[in-house]
Amino acid sequence: MAGGGFVVGDGQKAYPGKLTPFVLFTCVVAAMGGLIFGYDIGISGGVTSMPSFLRRFFPSVYRKQQADATTNQYCQYDSPTLTLFTSSLYLAALISSLVASTVTRKFGRRLSMLFGGILFCAGALINGFAKHVWMLIVGRILLGFGIGFANQAVPLYLSEMAPYKYRGALNIGFQLSITIGILVAEVLNYFFAKIKGGWGWRLSLGGAVVPALIITLGSLVLPDTPNSMIERGQHEEAKTKLRRIRGVDDVSQEFDDLVAASKESQSIEHPWTNLLRRKYRPHLTMAIMIPFFQQLTGINVIMFYAPVLFNTIGFTTDASLMSAVVTGSVNVAATLVSIYGVDKWGRRFLFLEGGTQMLICQAVVAACIGAKFGVDGTPGELPKWYAIVVVTFICIYVAGFAWSWGPLGWLVPSEIFPLEIRSAAQSITVSVNMIFTFIIAQIFLTMLCHLKFGLFLVFAFFVIVMSIFVYIFLPETKGIPIEEMGQVWRSHWYWSRFVEDGEYGNGVEMGKSSSNQGTKHV
Ligand code: BGC
């Protein structure tokens with residue numbers, strides 16, 4: 001029988017176990033991986049709008065920025081090296097997450113987290129002490145390697161540690177820690193930018209050492225997951241640990257299923273080709289389209305470049321950084337709304353509501369910027385009300401993302417994959433996310449320069465497409481146990497043609513037939 005947390009017979013089978021202080025502690029510590037990811041997202045935009053940083057490393061950008069406001073404002077930040085600084089991290093993360101999948105499987109989740117923490121530390125230090133652009137890029141690449149390891153291992157760690165009943169909440173907890181990381185970075189940028197002498201950017205970049213140390217030390221005190229111990233043949237230790245984690249003595253049912261899952265998982269030679277089977281078409285589609293659309297909302301334009309963007313529309317550096325703090329706070333608060341509402345209102349409602357909200361805001365922001373900057377990018381004097389209107393609509397946009405595509409972009413893939421493809425499909429989701437984060441980070445400033453206010457209309461177009469996609473193709477998954485998810489595809493007007501009755505290889509059929517179908521255990 002496939003394991004990985006629970007199994008299903010005719011009725012539902014539930015493992016005994018509570019949300020013990022021990023499991024809470026381990027999950028909170030592990031979720032710090034999200035904090036580091038968020039810190040990186042938040043820090044880059046702020047630093048790249050600090051004049052002292054630009055003057056030192058990107059003098060041509062600095063000169064354009066200092067030129068008077070009659071020059072084309074859309075293009076003042078258009079520099080391939082500047083965007084490489086931001087986006088190199090995501091490419092590095094993409095590559096290292098592939099390496100990390102082997103480390104995580106063969107040596108345990110903890111070791112990957114430890115590697116992640118150490119690489120982070122190294123990257124943060126090189127960045128903090130950087131004297132040349134190449135040091136900045138090398139530092140970013142190391143940070144990216146760190147993120148790749150941490151992001152590969154932490155979600156696995158959380159979902160293996162968490163009692164299945166709390167897995168959803170812990171999932172969005174990871175997104176919450178990303179948003180907190182972004183906010184902390186933005187607040188620090190705001191204060192560090194004020195430091196006289198203009199070396200505050202060193203503290204902003206070097207500050208990544210703090211969350212890096214937390215995850216490094218955390219990984220040293222955290223136990224490895226029972227699943228991982230079993231995979232590496234440490235059965236007795238795993239059983240003892242499982243008792244401690246679940247806070248109950250009788251864990252034999254869950255333990256036996258974990259052992260069986262591990263056996264099945266090891267019998268699979270080609271989890272990737274398994275994923276290409278016709279019956280997994282809906283899952284593969286969602287594994288690719290959900291992270292693709294999440295990035296095509298344009299959210300990271302705001303996350304990476306909010307201060308730059310606010311600067312472009314006429315804010316001073318100080319006001320730009322402050323506005324980024326405001327959007328960061330909205331991001332955290334709206335994520336809490338999602339935690340509260342996701343199981344009440346459903347995923348589809350949040351996706352569609354959030355999409356509509358983002359669409360309206362993108363149209364308003366495009367109109368505002370178009371009206372004042374025109375096509376030549378020369379705004380002249382900008383009134384205060386104008387800036388307030390733009391920031392307000394950007395905040396409403398961020399809130400729309402933060403309670404829809406933000407958390408759901410991670411939650412929905414993780415809950416729709418049946419066990420036997422879960423690990424491979426989740427890797428695809430992570431990789432697609434990183435590739436498109438990289439692409440957006442790399443081309444945004446050039447696109448702003450060429451498409452001008454029309455850039456916001458490009459993202460608006462994608463929001464329309466993704467909302468229609470969700471409306472037509474994504475079934476509601478609220479309140480449905482993961483192991484019974486097959487029914488949502490079987491009863492779907494389109495996906496039912498791929499997922500025939502009895503063909504869905506989830507825990508139910510596998511349990512009943514003891515089939516030797518591929519189970520890749522997560
Ligand atoms: C996305 C990130 C984004 C963040 C913003 C995450 O879900 O994957 O790309 O920067 O949300 O809060």
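Among the residues of segment 119-131, how many are without any contact (Cβ under 8 Å) to a residue 60 or more places away in the chain and of a type outside the set (K, R)? Show your work before the answer.
Step one: of segment 119-131, the residues without any contact (Cβ under 8 Å) to a residue 60 or more places away in the chain are 119, 122, 126, 131.
Now drop any that are not of a type outside the set (K, R), which leaves 119, 122, 126.
So the answer is 3.
State all residues of segment 204-260 that are over 24 Å from F120 (Cα atoms) and not in a helix (DSSP H, G or I); if no residue qualifies, say none. Step through it out loud before you land on a result.
Just the residues of segment 204-260 that are over 24 Å from F120 (Cα atoms), to begin with: 226-227, 229-260.
Those that are over 24 Å from F120 (Cα atoms) and not in a helix (DSSP H, G or I): R232, G233, Q234, G247, V248, D249, D250, V251.
I want to confirm something. Restricting to segment 412-432 and keeping residues that are open to solvent by 10 Å² or more (accessible area, probe 1.4 Å) and within 16 Å of the ligand (Cβ to nearest atom), which single residue is nearest to the chain's Cα centre (by Cα)?
Going through the qualifying residues, I end up with V430.
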Among the residues of segment 265-273, are any open to solvent by less than 20 Å² (accessible area, probe 1.4 Å) and at pLDDT 85 or above? no
Can we say V138 is part of a helix (DSSP H, G or I), without any contact (Cβ under 8 Å) to a residue 24 or more places away in the chain and either within 16 Å of the ligand (Cβ to nearest atom) or of a type in the set (A, V, I, L, M) (or both)? yes
Only one residue in I369, I299, I339, I360 is out of contact with any Leu (no Cβ under 6 Å at 6 or more places or on another chain) and closer than 29 Å to N227 by Cβ, so which one is that? I339
Somewhere in segment 289-298, is a residue at pLDDT below 75 and either more than 19 Å from T179 (Cβ to Cβ) or buried (at least 21 other Cβ atoms within 10 Å of the Cβ) (or both)? no
Across segment 45-55, which residue is nearest to the chain's Cα centre (by Cα) among those that are open to solvent by less than 20 Å² (accessible area, probe 1.4 Å) and at pLDDT 80 or above? V47
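Yes/no matrix, rows are residues, columns are (1) more than 20 Å from L451 (Cβ to Cβ); (2) modelled with pLDDT of 90 or more; (3) not in a helix (DSSP H, G or I):
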{"position": "V337", "(1), (2), (3)": "yes, yes, no"}
{"position": "Y340", "(1), (2), (3)": "yes, no, no"}
{"position": "L350", "(1), (2), (3)": "yes, yes, no"}
{"position": "T356", "(1), (2), (3)": "yes, yes, no"}
{"position": "V364", "(1), (2), (3)": "no, yes, no"}
{"position": "C368", "(1), (2), (3)": "no, no, no"}
{"position": "K372", "(1), (2), (3)": "no, no, no"}
{"position": "D376", "(1), (2), (3)": "no, no, yes"}
Residues that are closer than 21 Å to K478 by Cα and out of contact with any Phe, Trp or Tyr (no Cβ under 9 Å at 6 or more places or on another chain): does segment 298-306 have at least one? no
Subset of segment 141-195, residues outside any helix (DSSP H, G or I) and either open to solvent by less than 10 Å² (accessible area, probe 1.4 Å) or not β-branched (V, I, T) (or both), comes to A162, P163, A193, K194
Being farther than 18 Å from N300 by Cβ and surrounded by 16 or more Cβ atoms within 10 Å (Cβ to Cβ) is the filter here, so list the residues in segment 452-477 that pass it. K452, F453, S467, F469, V470, L474, P475, T477
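Is it the case that S404 is more than 11 Å from the ligand (Cβ to nearest atom) and of a type in the set (S, T, Y)? Show your work before the answer.
Working: more than 11 Å from the ligand (Cβ to nearest atom): no; of a type in the set (S, T, Y): yes.
In short, no.
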Only one of (1) open to solvent by 60 Å² or more (accessible area, probe 1.4 Å); (2) assigned to a helix (DSSP H, G or I); (3) at pLDDT below 85; (4) not aliphatic (A, V, I, L, M) is not met by E381, so which one is it? (2)
Please name all residue pairs, on different chains or six or more residues apart, with Cβ atoms under 8 Å, provided the first residue is in segment 11-40 and is at pLDDT below 80 and the second residue is of a type in the set (A, V, I, L, M) and open to solvent by 10 Å² or more (accessible area, probe 1.4 Å). P16/V248; G17/V248; K18/V248; M32/I214
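Select from segment 433-445 the residues that are open to solvent by less than 30 Å² (accessible area, probe 1.4 Å) and within 11 Å of the ligand (Cβ to nearest atom) and write down the one among them that is farthest from I288 (Cα to Cα). Spell out the reasoning first.
Kept after step one, since they are open to solvent by less than 30 Å² (accessible area, probe 1.4 Å), are these residues of segment 433-445: 433-434, 437, 440-441, 444-445.
Then drop every residue that is not within 11 Å of the ligand (Cβ to nearest atom), which leaves 433-434, 437, 440-441.
Working: N433: 9, M434: 12, T437: 14, I440: 16, A441: 19 Å.
This residue is A441.
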Count of residues meeting criterion [more than 16 Å from the ligand (Cβ to nearest atom) and at pLDDT 80 or above] in segment 151-206: 20
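The values are calculated or read from the model by the stated rules, or taken from the named source; none is laboratory data. This is a predicted model, so every value here is computed, not measured. Reconstructed Cβ throughout: ideal geometry from the backbone, glycine too, with neighbour counts over all protein chains shown. Just so you know, the surface numbers come from the protein's heavy atoms only, side chains and all, with ligands and any DNA or RNA stripped out. Shrake-Rupley method; radii C 1.70, N 1.55, O 1.52, S 1.80 Å.
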